[in-house]
1. Quick check on my filter: what residues within the stretch A:51-108 are touching a His at 6+ places or on another chain (Cβ under 6 Å) and at pLDDT 95 or above?
2. Considering the stretch A:172-213 alone, what residues qualify as being closer than 15 Å to residue A:247 by Cα, among the hydrophobic types (A, V, I, L, M, F, W, C) and away from chain B (no Cβ under 11 Å)?
3. Filtering the stretch B:306-330 down to residues that are among the aliphatic types (A, V, I, L, M) and away from chain A (no Cβ under 13 Å), which residue is surrounded by the fewest Cβ atoms within 10 Å (Cβ to Cβ)?
4. Yes or no: the stretch B:101-109 includes at least one residue that is among the basic types (Lys, Arg) and either away from every other protein chain (no Cβ under 14 Å) or crowded, with 23+ Cβ neighbours inside 10 Å (or both).
5. Kindly indicate whether any position in the stretch A:354-373 is within 14 Å of chain B (Cβ to nearest Cβ) and of a type in the set (Phe, Trp, Tyr).
6. Given the conditions (1) modelled with pLDDT of 90 or more; (2) under 21 Å from residue A:172 (Cα atoms), which single one is not true for residue A:114?
7. Among the listed residues B:83, B:19, B:71, identify the single one that is in a helix (DSSP H, G or I) and either touching a residue at least 40 places away in the same chain (Cβ under 8 Å) or in contact with a strand residue (DSSP E or B) (Cβ under 9 Å, 6 or more places away or on another chain) (or both).
Amino acid sequence: MSALLAVIGPAFHQLQGQLPASAPQGNNIVAAQAAIGSLFSIHILIAGLVSGAGELGPAIEFLGYMRQRRRYDRLAHGLGRFITLYFSVSSTIAILLITVLLVGFWGHFWTTIVTIGFWPLFIEAWTFVLQVSLAYLWYYTWEPLRAFKGLHMAIGGLLAIASFLQVYMIDVIASYMLTPTNPQNPIRLVLNPTSYPLTVHRTVGNLAYIGFVFGAFCAIRYVRARTQEDKAFYDWAGSFGLLWGISMTLLQPVVGYSYAKEIQLHAYASWYKMMFGTLSPVFLWQITLLGIMLITATLYFGRRLRTDGARGAGLLRAFSVAMVFTTLLAAQPYHLAFTYADVAAAGLDRPFWDGGLINPLGSMIPWKVLALMFYTLIAIAAIVWYLRGLPGVVWGTARRGEERLLMLMAVLTMAMMVTMGFIRENSRAPFLISGEMTIQGQQNTQSSQPTPAPSSSP
Amino acid sequence: MGRLGAAYNWFDERTAIRSLLRKGLYEAVPVRGAWFYTLGSATLILILLQLITGIFLTLLYVPSVTEAWASLNYLKQHDAFGSIVRGIHLWSAYILLFVIGLHMVRTFFSGSYKRPRELNWITGVGLFVLVLGMAITGAFLPWDQAAYWTAVVVTNIPAYIPLVGSFTRALWRGGDFVGPITLSRTFGIHVWLLPVILFPLIGAHLALLRKHGEFGSYINYRGAYRSREGVDVPPAPQQRPIEPPYPAVPTDELWAAPLQTEDFYPHQTFKDGAVTAALVILVFILAVAIGAPLEQMADPSTTSYTPVPEWFFLPLDELLLLVPKQLIPLVLVLPAGGVLLMLTLPFIDRDPERNPFERPAVMVPGAFAVLFVVILTLLGSGRLFNL
Amino acid sequence: MARRDPRRLSRRQFDLLGTQVAGAVVAVLLGIPIIGFLISPLFRREEAVWRKVGDIAEVPEAQPTKFEVSFPQQAWTAVEIKAAVYVVKRNGNYKVFSNVCSHMECPVRWQEALSQFLCPCHGGLYNIDGVNVGGPPPKPLPQFVHRIDGTTLYVQNRFTESI
């Protein structure tokens, strides 16, 4: 809670300081930012699911083929259906964002970035075509190609590759905006310092996200299911989604930490302020949220096993308790003021038990790092124990409590996704391209003077 | 029967070479999964390649801080064939590390470490660690900038072992700093100490393999042992009589024989040979086209050289970057814990099930471990690219 | 047995051939560089260098006098190696001998008492003109390729005849 409160004050304060007085075309800058920010968040929330489903669906189909279980096939088919239904929604929002908001508000910036990242964006556009064609092909040839499962899975594999390429290409652009390199060298551009970590972080994140979301979706369907067959399927699929999501989430602290290290090495100013200074309220919020997600998951694991009296339920409850303590450790703020400078200025630069405002338990190193490691280790143990207990579970017997946990999980994940997007996009301020093009600079080119050529030197 | 045959008979009468060869060559190996077993033979051949090229390199190389670099520089400047030999030594080592990793992953995923093959797995883990040790010590020897800084960083890692750290470092370095004794000791470790453990262990690994036979693909055994649901499935009829080393009477579902076998020679040797030859051709091309690099001679006073780790050291190097100062021993604990887990794996996972898709409780953490190493390598290489 | 099946036989032969071809490929790709590396010193000529030995004006008649000279060593080694040079003056002509015995390349030395060069290893004897006069040496004492500028002697790191 402290984290949540701490985040709001300085966040708005800092944002206001960084923004110019008015947006292009005389619009209110806050309104413009809010419009772009909220639309991008919605876009990310849906597009993340679509690309995650494009990668996970074929994988599940393959798993089902190897295990000869029909329910995997049904789940993969469902994910295919999801892509065909929601692909257009996310693309429509993207088109609206680009054609109206980006070109309209930040025309000069947009021209520059398209000039620099022409080939990645060109490939990006074609991967959209490829992805949607393959997605429809994959979904609609399901029954016709049932006798030729190998061919069908090959189509699915191509779909997964197209989905990955799509994320990768836009990540090249996004990472370039934070850590620009020589744009004349295409290899440098594609492999700029943060493109690797960002791509891994986002791909794994999308995979986790789709797992949590279809888990929640299946929980809702489970509650409404009439037949025993449906109940069994949705119970299993919900569990599978959560298990998959948590497994992917576990990779994220390492990748994210490494990503932050890259930002620290190559865009120090952004690194320093992306979590809002020394208190890092955004990070506190993030790490607490992660803790809550992991508590929810271990709780689900324990409860799901206990419902059927499968082995391991007791130990999983102990894991939940351990996870709660770890989250409490992780949520500690380092000092009880907005900035360290305030603390020092007030002469309270000593531990709280000496009457100061410093909380040594809240330091990043080593406590937060330790907390992240405990998160990972406990969660891996929980996953293993849950998997060991699974043969004792009879699908279709879950109680409402478990399904509620699944639904909660999706909400928590969405909050995490939006937080992540906010951190990334806000970290560059006041730059649009880090160190090269400021919001103010972009503003100036919106006057009646001719637009100067985009600077392309690193 | 000519003179040669007579000589062979004379020799066979005294050594029983014929029956030894027969025993070695004509053994039943499973038909299914045979291409997977080539990873093992490729590992063996690549290690032998290391041995051969290594022996010949010692005919020139001088393990001395003043002459190590000079001798290799002479090779680079004046001896095209010698440079190729050194290139083969380096590139086959790189490919060996990759192939031995694949071999381990294959063994893990196919559950081949289960009873009765626990000791095959344990000797294999030992071999893996030894090969890594060979790779790291070998990287010290050219004594160019890359080698020198590898030596400095790598010998520093054990310094963070609690209590005995600085002692261990001094032991390896032969003093407080990297110098002539470090090079001599590392050379001795590389050409004597590790090989005399490595090669007997390879012998044990192969002997155990021959004792129990290959277990490469669970498909081989599909239906031959009790399925997970507890329904007894009668073993499918053998297409050929069961041959050694597979037991004639499967008293235990674990000891079932594969459904179909064929002779090791020439059928398996053909597959092994094809893969090996492809790898050797690849190594040769890399050795000729790229060769083994030799940077400037070691210069501790440099302020412009950026030390870059060997690629197989990247995951650990990335950990060195990520782990904060209070937790540096973790860089040791994680790999040591990994090795310990690998050694105890056959005793942790004793379920007879071998289908990788039916034992997620082992596969998922295993996949985590592999992913973790792969991701660290990716992140590390991305970082180095943008230095 | 299955050997009678012609198809089976051909596959067996194919695998046999494949194994042999693979073995040959490995042997050739490995063998060529290794043998080349091994024999490469045979095809490398040491560079001929001239070294100044010193002033020979003071060398007495019929009295072998020892000088020392340094030559570069093989390959990369920076440290030079010393060689002994016996200068013999006979009737105004100079002969420049090495101390390398033509038998097993042990170091010969001038024995005043014998008035001969004696090899300590196997008792080889050379007279003052370097002719092998006793013991196992098959050839005369080797002479350096040399030139004299005024009274300054220069030698090359090679002999007039190979030993």
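1. Residues satisfying the conditions do not exist here.
2. A:207, A:208, A:210, A:212, A:213
3. Start the filter on the stretch B:306-330 by keeping residues that are among the aliphatic types (A, V, I, L, M), which leaves B:308, B:314, B:316, B:319-323, B:327-328, B:330.
Narrowing further to those that are away from chain A (no Cβ under 13 Å): B:308, B:316.
Numbers: B:308: 17, B:316: 21.
So the residue we want is B:308.
4. Initially, the stretch B:101-109 is screened for residues among the basic types (Lys, Arg), giving B:106.
From what is left, the residues that are either away from every other protein chain (no Cβ under 14 Å) or crowded, with 23+ Cβ neighbours inside 10 Å (or both) are B:106.
For the stretch B:101-109, residues among the basic types (Lys, Arg) and either away from every other protein chain (no Cβ under 14 Å) or crowded, with 23+ Cβ neighbours inside 10 Å (or both): present.
5. yes
6. Result: residue A:114 passes all but (1).
7. From the options B:83, B:19, B:71, the qualifying one is B:83.
Residues checked against (1) at pLDDT below 90; (2) farther than 30 Å from residue B:319 by Cβ:
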residue	(1), (2)
A:222	no, yes
A:229	no, yes
A:248	no, no
A:270	yes, no
A:274	yes, no
A:278	yes, no
A:282	yes, no
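The values are calculated or read from the model by the stated rules, or taken from the named source; none is laboratory data. Remember, it's a predicted structure, so these values are computed and weren't measured experimentally. Glycine also receives a Cβ, built like all others from the backbone with ideal geometry; neighbour counts cover every protein chain displayed.
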